[in-house]
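Beneath this line is the structure, given in structure tokens, with notes to follow.
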Amino acid sequence: MTAETITAEASGTFTLGDLPVHRIGFGAMRLTGSAAFHLGTPSDRERSTAVLRRAVELGVNHIDTAAFYFSATRSANELINTALAPYADDLVITTKVGPFRDYSGEWGTSARPDQLRGHVEENLRQLGRDHLDVVNLRRMRQDSIAEHFGALAELREAGLIRHLGISGVEPRHLTEALEIVPVVCVQNRFALDRPDPVDDEMLRLCGEHGIAFVPFYAVAGEAGPQPAATDHADEVLAIANAHGVSPAQLRIAWTLHQGPHVLAIPGTGNPDHLTQNVAAGALRLTAEELARLDALHSGSG
């Protein structure tokens with residue numbers, strides 16, 4: 001695939017409820033600064049808006065964001081609004097609620113169910129929308145999500161939200177949510193070099209239910225919110241070199257190979273990295289390469 005033909009369409013399509021999206025999307029967390037949504041060096045506004053516009057030019061039609069993605073002078077939602085409004089009809093913006101930060105940037109405790117409407121409305125104002133396409137409830141160590149998810153279901157019924165998802169959950173939480181309203185996506189931490197039986201099970205369950213599984217930190221791995229992992233296993237380096245791609249691109253490709261219901265939302269504020277991330281959606285791995293990488297993920301490699 002040449003630079004002129006790179007497109008998110010090559011990654012395939014999956015549907016969030018009734019909203020089709022390309023399987024390579026874009027995560028907005030890093031747009032606000034070098035330290036993700038933690039207090040850090042503010043991003044360059046023009047560069048951030050240029051990255052968003054370029055993502056859409058490359059066929060990205062799924063953007064993941066949150067009102068709590070902000071640094072001292074940057075808000076991911078505001079950047080999205082500035083760069084992309086009026087929004088294309090096929091653009092799906094997914095946001096999340098549950099965690100929250102005050103205006104100084106300090107983290108509060110988990111939002112109460114009765115506070116979620118205000119958080120949904122904050123996303124609506126910042127994005128300039130009259131409804132939100134998809135809202136994920138990010139679990140914050142609650143034993144049960146039923147009350148919180150039920151509050152969001154009421155906002156869905158009121159027309160403020162089109163579809164609901166959940167994040168940071170275990171299988172029992174998916175069961176709880178499905179008893180209330182349909183779930184269109186699950187966002188859990190999942191990465192090649194971070195095996196976790198719970199997340200592996202969530203990947204499987206989502207496939208069975210026809211629910212999108214959307215890993216976060218899939219490229220960063222153990223580095224989490226910090227820049228992408230710099231320590232790469234020999235297998236990752238060898239297979240990446242064989243394809244002439246970066247280890248980050250290989251990680252994205254491996255993630256997408258975990259099932260047709262898996263979406264990727266790599267984030268970056270770097271235009272070159274954006275192009276590489278989108279190009280990774282066209283990378284096809286052999287069965288032998290996948291077996292080697294799967295063994296690395298499971299710890300048997």
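The values are calculated or read from the model by the stated rules, or taken from the named source; none is laboratory data. Treat the numbers as computed from the prediction; the structure is a model and nothing was measured. We place every Cβ from the backbone using ideal geometry, glycine too, and count neighbours over all the protein chains shown.
Of all residues in the range 153-201, those that are more than 29 Å from HIS297 (Cα to Cα), touching a strand residue (DSSP E or B) at 6+ places or on another chain (Cβ under 7 Å) and part of a loop (DSSP other than H, G, I, E, B) total 2. Looking only at the range 61-77, filter to residues that are at pLDDT 90 or above and more than 15 Å from GLY269 (Cα to Cα); which one of those is surrounded by the fewest Cβ atoms within 10 Å (Cβ to Cβ)? Top of the filtered list is ASN61. The set of residues in the range 239-259 that are over 12 Å from VAL219 (Cβ atoms), touching a residue at least 12 places away in the same chain (Cβ under 8 Å), part of a loop (DSSP other than H, G, I, E, B) and of a type outside the set (A, V, I, L, M) comprises HIS257, GLN258, GLY259.
Counting the residues of the range 260-287 that are surrounded by 16 or more Cβ atoms within 10 Å (Cβ to Cβ), in a loop (DSSP other than H, G, I, E, B) and not polar (S, T, N, Q) gives 8. Any residue at all in the range 74-96 that's outside any strand (DSSP E or B) and under 27 Å from HIS257 (Cα atoms)? Checking the range 74-96: at least one residue is outside any strand (DSSP E or B) and under 27 Å from HIS257 (Cα atoms).
Can you tell me which of HIS119, HIS148, HIS163, HIS173 is under 20 Å from the mean Cα position of the chain (by Cα) and either more than 21 Å from VAL92 (Cα to Cα) or without any contact (Cβ under 8 Å) to a residue 40 or more places away in the chain (or both)? Testing whether each residue is under 20 Å from the mean Cα position of the chain (by Cα) and either more than 21 Å from VAL92 (Cα to Cα) or without any contact (Cβ under 8 Å) to a residue 40 or more places away in the chain (or both) leaves just HIS173. Need the failing condition index for SER48 against (1) over 29 Å from ALA10 (Cβ atoms); (2) of a type in the set (S, T, N, Q); (3) assigned to a helix (DSSP H, G or I); (4) modelled with pLDDT under 95, just the number. Condition (1) is where SER48 drops out. Can you pull out the residues in the range 3-45 that are at pLDDT below 90, among the acidic types (Asp, Glu) and closer than 15 Å to VAL278 by Cα? GLU4, the sole residue that qualifies.
For the range 140-163, taking the residues that are in contact with a Gly (Cβ under 8 Å, 6 or more places away or on another chain) and closer than 30 Å to ALA83 by Cα, the one that is surrounded by the most Cβ atoms within 10 Å (Cβ to Cβ) is identified as HIS163. Looking only at residues in the range 81-103 that are among the aliphatic types (A, V, I, L, M) and under 15 Å from the mean Cα position of the chain (by Cα), the one that is nearest to GLY269 (Cα to Cα) is ILE93.
Name the pairs: first residue in the range 281-293 and over 22 Å from ALA8 (Cβ atoms), second residue not in a helix (DSSP H, G or I) and not acidic (Asp, Glu), Cβ to Cβ under 7 Å, at least 6 apart or on different chains? Final answer for the pair search is ARG292/GLY301; LEU293/LEU192. Scanning the range 113-152 for residues that are part of a helix (DSSP H, G or I), under 12 Å from ILE180 (Cβ atoms) and touching a strand residue (DSSP E or B) at 6+ places or on another chain (Cβ under 8 Å) yields HIS148, PHE149, LEU152. The set of residues in the range 207-250 being modelled with pLDDT of 95 or more and touching a strand residue (DSSP E or B) at 6+ places or on another chain (Cβ under 8 Å) consists of GLY207, ILE211, ALA212, PHE213, VAL214, PRO215.
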